[in-house]
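One structure is given below, encoded as structure tokens.
The values are calculated or read from the model by the stated rules, or taken from the named source; none is laboratory data. Computed from a prediction, not measured in an experiment: that's the story for all the values here. Every residue, glycine among them, receives a Cβ derived from its backbone with ideal geometry; neighbour counts consider all protein chains shown. Accessible surface areas use protein heavy atoms only, side chains included; no ligands, DNA or RNA. Shrake-Rupley method; radii C 1.70, N 1.55, O 1.52, S 1.80 Å.
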Amino acid sequence: MKVIKRDGNIVDFDRSKIVIALQKANHAVDPEQRITDEQMEEIVSYIESRHRQRYLVEDIQDIVEKKLMELDKYDLAKAYIIYRYTRALVRKANTTDESILTLIKNSNKDVMEENSNKNAVMAATQRDLIAGEVSKDITKRLLLPENISKAHEEGVLHFHDADYFIQPIFNCCLINIGDMLDNGTVMNGKLIESPKSFQVACTIVTQIIASVASSQYGGQSVDIRHLGKYLRYTKNKFRKKIAEAAGGQLSEEMLEKLTMERLQDELRSGVQTIQYQINTLMTTNGQSPFVTLFLYLEEGDEYIEENAMIIEEILRQRLQGIKNEVGVYVTPAFPKLIYVLDENNCLKGGKYDYITELAVKCSAKRLYPDYISAKKMRENYQGNVFSCMGCRSFLSPWKDENGEYKFEGRFNQGVVSINLPQMGIIAKGDENVFWHLMDERLKLCYEALMCRHNALKGIRSDTSPVHWQYGAIARLKKGEVIDPLLEGGYSTLSLGYIGLYEVTKLMKGVSHTDPVGTDFALRVMKRLRAATDQWKKETGLGFALYGTPAESLCYRFARIDKERFGSIPDVTDKGYYTNSYHVDVREHIDAFSKFTFESQFQDISSGGAISYVEIPNMRHNLTALEDVVRFIYDNIQYAEFNTKSDYCQVCGYDGEIIINDDNEWECPNCGNKDHAKMNVTRRTCGYLGENFWNVGKTKEIKARVLHL
């Protein structure tokens with residue numbers, strides 16, 4: 001039996017601690033109010049007899065108090081409560097020493113493996129992680145209501161990013177990069193004027209990205225369309241200088257040729273600046289900026305030809321990769337890329353199909369870009385096409401005072417996710433019990449999300465000038481509160497969910513791909529969506545249903561439920577829950593059927609939804625990949641490709657990394673066993689952090705994943 005302490009650590013059940021506490025309480029009361037050693041033994045034995053795999057320490061203490069009351073030992077119960085309170089005061093004085101010291105000694109695996117984008121060994125990163133441990137501790141003990149903290153510890157819900165909750169910062173955003181480039185911005189008290197060339201614009205964009213990332217904890221997205229005009233500025237400048245130098249002696253054809261040659265050099269340098277700056281900068285969060293580039297060739301855009309050139313160069317450089325410390329080209333983790341499919345580039349004879357063909361090659365080798373269908377997105381978002389935020393959550397359509405839709409310059413206040421399978425386990429197939437649990441737990445989720453909202457109320461623009469005063473989000477005055485940007489749907493509050501497949505299996509005995517299961521799964525999704533819609537109506541806040549990528553949460557919920565309820569076939573026994581509405585990876589389903597099935601959930605989960613398919617040997621399957629891309633455009637809003645894509649950074653070997661007889665990852669070409677010098681991807685459930693790769697039926701090999 002395990003006990004979850006208040007600091008989140010899990011320890012073995014120790015009966016002596018209960019006995020010691022009762023003995024100390026015994027000595028504090030008159031003899032007639034004391035209990036005997038036999039009665040103490042009965043209380044401890046009762047706790048043990050319940051055969052629970054895990055207890056919260058508070059639950060054990062509640063049972064002890066109840067048993068003392070049943071014995072009519074009211075004074076003793078009071079003494080025990082005082083003992084609990086005294087111990088709680090001691091704990092509140094300091095509860096982070098152990099977690100911080102083990103972090104510094106590189107032995108705190110929970111913290112070190114929580115975020116695969118952070119190198120927890122580096123001193124600069126450790127500063128952020130140490131601050132995160134303090135924040136989580138204060139959040140659990142002081143900032144969150146006790147019922148929310150308890151629900152988080154029991155896996156009822158997950159209060160995301162508690163390691164940043166103590167600070168007045170938000171989750172993720174769409175940077176209003178167009179406003180900052182066109183109208184200038186300020187960083188570190190220095191004015192940065194509107195650029196006059198493409199190269200300078202690219203440099204300013206990376207500076208903005210780094211500054212923004214240092215004052216929020218989630219991802220950010222940048223729309224590349226705003227760079228097109230600066231590429232044209234540069235072209236016109238080059239053309240003028242060449243013409244002046246030639247003194248009118250060049251033909252129009254030669255003038256254009258020389259201009260484009262210089263422009264191509266500028267284009268390569270500018271894109272290289274973006275790629276290298278993003279991958280070499282480190283923010284105050286102890287990691288590279290978590291940034292996504294949005295690649296959209298919008299018809300009617302004045303600068304569409306320039307943007308086509310920029311997007312093509314971004315894809316070419318991503319396809320090539322970046323050299324690591326030993327000179328081998330590898331896939332950079334950032335920036336992430338989202339490529340929009342529209343009529344002009346959906347591989348059906350469009351003008352820019354050649355760029356999509358390049359995107360497909362890039363996906364085959366580097367697993368990016370992801371794809372958004374402009375056609376499906378317009379259907380779901382009132383005719384609009386826009387990027388998701390860095391965390392893959394989508395904003396709801398919102399109009400400004402002029403009746404114009406606005407997406408850039410908006411943000412997400414925070415996320416709380418609900419554990420669907422746990423409700424199915426408790427309900428045991430009884431829908432009345434299930435829907436009652438759903439109502440109760442959604443109320444908890446609402447309360448937790450309101451904690452997020454209320455924590456940001458009253459925050460002044462001075463907390464992050466680059467966000468609130470100098471254009472990334474707004475142009476507020478110094479000292480002005482940000483409250484208007486929290487209300488009216490301008491920003492979002494996201495309800496995430498995990499395990500639609502597992503809860504359907506528990507309640508109906510079949511997958512949610514079975515017609516009976518699909519009916520139930522859709523009812524679950526619609527109930528979640530109805531809750532966010534109702535909260536939005538009642539409060540005016542931008543609540544949204546979010547099919548989160550989940551990262552380690554798929555594993556955390558499954559681990560908690562397995563410890564509490566035991567091993568349940570096809571549910572807790574796998575070690576993970578399936579992300580959001582996704583089809584379980586073990587179901588035999590082709591890519592087209594998977595996208596078709598999952599698309600019906602995306603419009604319900606409008607606050608965030610992504611689907612993926614695994615395609616083997618993608619580098620040798622470009623024709624099949626192009627077929628899938630065409631299918632995406634007509635059938636699903638947001639999708640990505642997954643595959644096995646191993647890569648040894650020491651020797652350049654790009655075949656499958658093996659697992660040797662010592663259960664270690666090893667390059668079969670050069671024998672490299674250093675995980676930091678190889679990319680090993682096993683994307684099986686949508687989880688993008690540390691992964692568990694099953695070998696046969698008996699061994700589980702735990703490996704650090706460097707996400708490609």
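One table, with the values for the structure above:
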| quantity | calculated |
| --- | --- |
| Of all DSSP beta bridges in the chain, antiparallel share, percent nearest 5 | 45 |
| Selection of GluC sites (Glu not before Pro), the range 385-491, meeting DSSP coil and at most 13 other Cβ within 10 Å | Glu401, Glu404 |
| Under-5 Å amide H pairs with Asn642, H placed in peptide plane, nonlocal only | Val613, Glu614, Ile615 |
| Within the range 322-434: Cβ-based charge dipole about Cα centre, in debye rounded to nearest 20 (Lys, Arg +1; Asp, Glu -1) | 360 |
| Long-range HN-HN contacts of Met678 with modeled amide H, under 5 Å | Gln649 |
| Accessible surface of Lys594 - all protein chains present, 1.4 Å probe, nearest 10 Å² | 20 |
| Note, ³J(HN,Hα) from phi for the range 19-27, Karplus 6.51, -1.76, 1.60, rounded to Hz, x at Gly and Pro | 4, 4, 4, 5, 5, 5, 5, 4, 5 |
| Residues of type aspartates and glutamates that Lys24 reaches as a straight line, Cα spacing below 19 Å, ignoring anything fewer than 8 places off in the same chain | Asp14, Glu32, Asp37, Glu38, Glu41, Glu42, Glu58, Asp62, Glu65, Asp72, Asp75 |
| Candidate residues Val481, Val613: accessible-area rank, largest first, probe 1.4 Å | Val481, Val613 |
| For q = 0.18 Å⁻¹, Debye-computed log10 I/I(0) when each Cα of the range 171-269 counts as one equal scatterer | -0.85 |
| Nearest-10 value in Å² for the accessible area of Lys406, using the 1.4 Å probe | 60 |
| Accessible surface, 1.4 Å probe, highest first, among residues Thr273, Thr206 | Thr273, Thr206 |
| Cα centroid separation - the range 195-227 against the range 428-496, whole Å | 25 |
| Length-normalised contact order for the chain - Cα pairs under 8 Å, 6+ apart - percent | 12 |
| Whole-Hz couplings from phi, Karplus 6.51/-1.76/1.60, listed for the range 128-142; x for Gly and Pro | 5, 5, 4, 4, x, 5, 5, 4, 4, 5, 5, 4, 5, 7, 10 |
| Size of electric dipole in the range 472-515: Cβ of Lys, Arg +1 and of Asp, Glu -1, about Cα centre, debye, nearest 20 | 140 |
| Separation between Cα centres of the range 272-313 and the range 500-541, rounded to whole Å | 36 |
| Integer Hz, Karplus 6.51/-1.76/1.60 couplings in order for the range 308-322, x for Gly and Pro | 4, 5, 5, 5, 4, 5, 4, 5, 4, 5, 5, 4, 5, x, 10 |
| Cα-based equivalent ellipsoid, the range 339-417: semi-axes from gyration tensor eigenvalues, Å | 27, 18, 9 |
| Gap separating the Cα centres of the range 55-79 and the range 334-403, nearest whole Å | 58 |
| For Leu258, solvent-accessible area (1.4 Å; no DNA, RNA or ligand), Å² | 50 |
| Total charge dipole magnitude, the range 176-326, about the Cα centre, Cβ charges on Lys, Arg, Asp, Glu only, Debye to nearest 20 | 520 |
| Whole-number D in µm² s⁻¹ for the range 375-427, Kirkwood Cα-pair radius fed into Stokes-Einstein, 10 °C, 1.306 mPa s | 116 |
| Among Asn454, Ile209, Met389 the positive-end extreme of the charge dipole of the chain (Cβ point charges) | Ile209 |
